1. Assign unit charges at the C-beta atoms only (+1 for Lys and Arg, -1 for Asp and Glu), then state the dipole size of segment 64-179 relative to its Cα centre in Debye, rounded to the nearest 20.
2. With all pairs of different alpha carbon atoms counted, what Kirkwood hydrodynamic radius in Å does segment 103-148 show?
3. I need the per residue convex hull volume for the chain, using only the alpha carbons, in cubic angstrom as a whole number.
4. Counting heavy atoms of the protein chains only and a 1.4 Å probe, report the per residue accessible area for the chain as a whole number of Å².
5. Kindly report, to the nearest 10 Å², the accessible surface of Ile233 as traced by a 1.4 Å probe over protein heavy atoms only.
6. Ordered by residue, what ³J(HN,Hα) values in Hz, to whole numbers, does segment 40-53 give under the Karplus form 6.51 cos²θ - 1.76 cosθ + 1.60, where θ = phi - 60° and Gly and Pro are x?
7. By per-residue mean of other Cβ atoms within 10 Å, what is the highest-first order of 1-8, 193-200?
8. Quick check on segment 49-174: take the gyration tensor over C-alpha atoms, sort the square-rooted eigenvalues as a ≥ b ≥ c, and tell me if it's rounded (a/c under 1.5), prolate or oblate.
Amino acid sequence: MLSSIRDLLPIVLVILFFQFFVLQQPLPNIGQLLMGVLFVIIGLTFFIHGLEQGLFPIGESMANAFARKGSVFWLIAFAFCLGFGTTVAEPALIAVAAEAANVAANGNMIESTDEARLQYATGLRLTVALSVGIAIVIGVVRILKGWPIQWIIIGGYVLVMIMTMFAPKEIIGIAYDSGGVTTSTITVPLVTALGVGLASSIRGRNPMIDGFGLIAFASLTPIIFVMAYGMII
């Protein structure tokens, strides 16, 4: 909890500084704000503890088990399902997809009905989840083969720039944001643990060099897939 307080302290100081010295206004609902900060501290404390006790160990242990099993097929299948499943469950993606559906309806891009909004948001979420699943597969294959990460990332962003010139302007911002919201509270711990655990289990692989980088793929591929989704619909 002390660590959580230390991590949150800069944010609190920034808010207090601008509230009192720039805006020169008192804090509204001080009691409610203090209670909210307390809940954030408690939640962050339990979240970090849960990562250390649960998600990181299970991700690394499953990666080690798949490496010992020696089945590339099941490793690839697990990587895809992990990327797809964690992304579908991301709260940030759910919120952004719902907001994008509302804006699309207000802008007459889709019908202004609950069914149309739900269909648009669901399609967006599934598109992003599919892209992250494929991204994790690419990252796992990179670890197995020892491919340098920089050339894959450079090639991916070159494709992003080319697609940006042809994609509908209404979808470009959503596509770029999709790359950020996918790498959040659920996806990052499990995917990172998978990469580090897998690199640690394969002879000749360095966990520091080869184990990290899966999150970069998970941030890149949604941009490509969502722009393609916008072109199609």
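The values are calculated or read from the model by the stated rules, or taken from the named source; none is laboratory data. Only a predicted model underlies this, so the values are computations on that prediction, with no experimental measurement involved. Every residue, glycine among them, receives a Cβ derived from its backbone with ideal geometry; neighbour counts consider all protein chains shown. For the accessible areas, the whole protein counts, side chains as well, though only heavy atoms, and no ligand, DNA or RNA atoms are used. Shrake-Rupley method; radii C 1.70, N 1.55, O 1.52, S 1.80 Å.
1. That gives segment 64-179 a dipole magnitude of about 740 debye.
2. 12.7 Å
3. Per-residue hull volume (Cα only) is 172 Å³.
4. 57 Å²
5. 110 Å²
6. Here the 3J(HN,Hα) series is 5, 4, 5, x, 5, 4, 5, 5, 4, 5, x, 4, 5, 8 Hz.
7. 193-200, 1-8
8. Oblate.
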